[in-house]
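No value in this document is a laboratory result; all are computed from the given coordinates. Worth saying up front: this structure is predicted, and the values here are computed from it rather than measured. Cβ coordinates were reconstructed from backbone atoms using ideal geometry, including for glycine residues, and neighbour counts include every protein chain displayed.
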Amino acid sequence: MTDSPYSVCVEFAVPDAPEGLYEALLDTLLERHPDSGPALGPAGNGNLSMRFFIDAGSVVDAVNRAIEYAQAAAMTQGITPDTVVGAEVVTEAELDRRNAQPAVPELAGVTEAAEIVGVTTARIAQLEGRLRKYLVQELSAGPVYLADGVRTYAATEHNATRGARISDLGLSPAERAVLKLLHAMADNLPWSPGAPAEHSADRALHVEQIIDRGRVRVHPRPGGDLDLEAVLGRLVEHRLLKTRKPYRAEQADGHDTDLVVTVTDKGRRHAEAGAAGSDAG
């Protein structure tokens, strides 16, 4: 079995440990297990914690070895093994993905909230009372909401009864087809190209990975008969998509041209309308 890299964090019921204890433990770990890249610090609750990077054949093997390393080092400082209160193990790739996530939740100002709900900014001002439970802060430029809270309101209160108006964006058949394809793939929906433009979209890009709901890593297919860069650029311009280069943990050999594409709430509404940009944003 091939070993894989894991990150393991072991926590002890030792709150507010002095700096000297951290230094002594780190010296011991570096002497005994230098290849495990030990790091020490307080957990979120103030408890002593130790992190290791371990190549192992399984999650169980990785966490068992990390706990063994941590307990043996702790005993040199009079900390008994039964003070271990927990351990978390994740793959190194998952740790990279978590570290790449924003440190604060996604926020939405008036403009972003209007896009999520599918109304004008003036209407968002009228909905202030209903959105107040998702308010983070009131700034001079206007209120700032939790984006997921606004999405909850849109799905359960506003759009569930009234529906969101889909305005005409003047998208081309190729742009509509690419949007529908990306939405289907990102939300794990059935996809079967029908119109010529949809066949062209299917030939132009390949979805390599569904990262999470609404977000995929795509690879342009050589020889496609549409200008995919221009199409994606126009969809981004209309705020139907967001694109970026893959983070290190998402990269793959031979895929230097890959993009990570996020279908926005506005993009999802247009894709689900079935005729985005032609009859109804």
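Where does each of 265-271, 228-234 land if you order them by average Cβ count within 10 Å, highest first? Write out the running numbers ahead of the final one.
Values: 265-271: 23.7, 228-234: 17.3.
Result, highest mean Cβ count within 10 Å first: 265-271, 228-234.
Zone of Gln209 (label point 7 Å along Cα→Cβ, backbone N under 20 Å): which residues in the range 1-36?
Those under the cut-off are 2-8.
Could you give the distance between the Cα centres of the range 1-36 and the range 63-82, to the whole Å?
Distance between centres, Cα-based: 9 Å.
Please compute the length gained on full extension between Arg123 and Arg98, using 0.36 nm multiplied by the number of residues separating them and subtracting their Cα-Cα distance. If you can, show how the numbers build up before the last one.
Working: separation 25, 0.36 × 25 = 9.00 nm, distance 3.57 nm.
Gain on stretching Arg123 to Arg98: 5.4 nm.
Using the Karplus equation 6.51 cos²θ - 1.76 cosθ + 1.60 (θ = phi - 60°), what ³J(HN,Hα) coupling, rounded to whole Hz, does each residue of the range 81-90 give in order, writing x for Gly and Pro?
Calculated HN-Hα couplings, in order: x, 6, 7, 5, 10, x, 8, 10, 10, 9 Hz.
Which ³J(HN,Hα) values in Hz, rounded to whole numbers, follow from the phi angles of the range 92-97 under the Karplus curve 6.51 cos²θ - 1.76 cosθ + 1.60, where θ = phi - 60° and Gly and Pro get x?
5, 5, 5, 5, 4, 5
Can you work out the Karplus-derived ³J(HN,Hα) for every residue in the range 44-57? Use 6.51 cos²θ - 1.76 cosθ + 1.60 with θ = phi - 60°, whole Hz, and x for glycine or proline.
Along the range 44-57, the couplings run x, 8, x, 6, 5, 9, 10, 10, 10, 10, 10, 7, 8, x Hz.
Counting only residues 5 or more places away or on other chains, whose amide H sits under 5 Å from the amide H of Val85 once H atoms are built in the peptide plane?
Glu11, Phe12, Ala13
Amide H neighbours of Ala17 under 5 Å, counting only residues 5+ apart in sequence or on other chains, H built in-plane at 1.01 Å?
Under 5 Å from the amide H of Ala17 lie the amide H atoms of Leu48, each far enough along the sequence or on another chain.
Once amide H atoms are built 1.01 Å from N in the peptide plane, which residues 5 or more positions from Val136, or in another chain, come under 5 Å H to H?
So Val136 has HN proximity to Val144, Tyr145, Leu146.
Here are several values of Rg/Rh (Cα atoms, Kirkwood Rh): (1) 1.06; (2) 1.11; (3) 0.94. Which one was derived from the coordinates shown?
Label of the calculated value: (2).
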